[in-house]
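The values are calculated or read from the model by the stated rules, or taken from the named source; none is laboratory data. Because the structure is predicted, anything quoted here is derived from the model rather than measured. Glycine also receives a Cβ, built like all others from the backbone with ideal geometry; neighbour counts cover every protein chain displayed. What goes into the accessible areas is simple: the full protein's heavy atoms, side chains included, and nothing from ligands, DNA or RNA. Shrake-Rupley method; radii C 1.70, N 1.55, O 1.52, S 1.80 Å.
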Amino acid sequence: MPVYLGPILPILAAAILIQVGNGLLTALIGVRLGSADFAASVAGLVTMAYFAGQLSGSSLCGGVINRVGHIRAFASFATVLSAAALIYALVGGPFVWAAVRFANGFAMAGVLLAMESWLNHVSGNARRGAALSAYMMACYAALGTGPLLMTVADTTGFALFSVASILLSLSLLPMSLSNRAQPWVAEPSRLRFRDLFRISPLGIVAAVLAGAMIGPIHGLATVYAVAAGHGVSGAAVLSFALIGGGFAFSFPLGRLSDRIERRLVMAGVCFTSLLAALLFRLLGDGSLEVLSAFGAAFGGLIFAIYPLAAAHTNDRLPPEDSVPAAAGLLIAFGSGAVVGPPVAALAMDLAGPGALFDSVACIAAGLGAFALYRRTQRADAEEDEKGTFVVLPRTSPAAYEMDPWSGDEPAGEPLVGDDESN
């Protein structure tokens with residue numbers, strides 16, 4: 001086993017359990033809403049509530065963790081997630097679900113911040129890149145696996161919600177039993193939004209629109225699959241394909257942007273996603289094979305936009321500003337993710353389920369056009385100013401502290417202890 005994995009194994013184990021449960025729960029909620037013949041706009045409301053909760057949690061959970069410690073905070077947030085999974089099964093009605101989904105998003109922001117700040121602390125400066133890569137791979141694999149669990153039991157019953165709750169509860173074990181000393185969660189001084197927009201207009205716009213695209217895909221893809229007649233298995237396969245494509249495409253597209261101007265790569269990604277949506281419309285969605293191939297390609301393209309936006313922004317920032325800028329980019333992404341689902345859901349109600357991908361592709365095309373426009377307004381960053389592309393999660397600023405863009409400040413070295421105080 002690689003030496004850097006030892007200190008982070010409890011965090012990886014907790015992340016896998018959290019993301020499998022979260023992936024299952026997200027897909028299951030979409031399937032249940034779709035099967036109940038609610039309008040797509042109702043599913044959009046529920047999805048919007050989740051991202052609104054996550055946006056709120058991203059700003060507030062750091063203070064909670066600093067007050068009570070990582071273990072207690074993680075246990076509290078994970079308990080909320082586990083309880084929420086059972087409330088969905090016990091209480092019907094989309095408005096109640098939207099309220100619970102908000103709490104779900106808030107608590108998810110808390111557990112992610114707790115895990116990622118702790119991961120940064122125990123990795124050490126020399127190994128933080130490898131630790132971040134292992135964490136990313138674990139999260140993507142787990143999030144993609146979660147929806148596949150829908151095929152093992154009836155989605156109309158209680159069992160799958162119980163499975164999600166069990167997985168989320170079990171995430172407490174590896175974190176609670178860890179004997180690593182806990183870090184302090186830094187509260188970075190954020191760049192003002194207007195300053196960040198002035199430095200990189202394309203970066204901020206791309207982050208907002210990436211949220212407006214990924215939010216609907218995250219919450220409404222399973223609603224589309226059910227409405228299009230693919231059933232539970234189709235919903236599971238589509239979710240897996242979207243996430244798997246996002247993992248597979250992000251790194252090679254990012255590396256391409258290290259060699260070719262990032263704005264051109266972003267425009268190419270955006271226009272190719274529009275072409276993919278048009279081809280999908282022409283070919284039809286009757287075949288599960290076509291659906292999964294489209295999902296992998298479309299998800300791979302759309303999920304690559306946010307990392308490209310972050311890389312483009314960091315090309316124009318000094319290293320010491322990368323973590324504060326990350327907070328601004330995440331707020332921009334979260335704002336788009338709150339607005340995107342209800343807009344896409346309204347399009348689905350007016351023009352049919354396929355309008356989900358049409359609306360996302362149209363947003364992508366608009367972003368591609370804006371990226372080309374920005375090329376006429378400012379020269380590209382000099383080669384010696386550009387950093388190497390890094391695939392980063394859209395979760396918390398703590399992950400960015402492990403990123404090479406943030407300079408040479410060493411992360412905390414692993415410490416052994418059983419003190420829960422900060």
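Observations on the model:
- To put it simply, the accessible area of the range 277-317 at a 1.4 Å probe is 67 percent carbon and sulfur.
- Phi angles across the range 55-72 convert, under the Karplus curve 6.51 cos²θ - 1.76 cosθ + 1.60 with θ = phi - 60°, into 3J(HN,Hα) values of 5, 5, x, 4, 8, 10, 6, x, x, 5, 5, 5, 6, 10, x, 5, 5, 5 Hz, Gly and Pro given as x.
- The shape of the range 250-365 comes out oblate: with a ≥ b ≥ c from the C-alpha gyration tensor, a/c is at least 1.5 while a/b does not beat b/c.
- When only alpha carbons are used to place a centre, the range 287-354 and the range 60-108 end up 24 Å from one another.
- Here the spin labels are modelled as points 7 Å beyond Cα on the Cα-Cβ line, and at residue 76 and residue 378 they lie 4.0 nm apart.
- Inter-label distance, residue 38 to residue 95: 1.3 nm, where each label sits 7 Å from its Cα along the C-beta direction.
- Per-residue Karplus couplings for the range 151-162, computed as 6.51 cos²θ - 1.76 cosθ + 1.60 with θ equal to phi - 60°, are listed in order as 7, 8, 8, 5, 6, 8, x, 8, 4, 5, 5, 5 Hz, Gly and Pro entered as x.
- Surface share of carbon and sulfur [accessible, 1.4 angstrom probe, percent] for the range 1-117: 72
- Subtracting the Cα-Cα distance of residue 192 and residue 9 from 0.36 nm times their residue separation leaves 62.2 nm of extension gain.
- Relative contact order for the range 2-155, counting Cα pairs under 8 Å that sit 6 or more residues apart, in percent: 46
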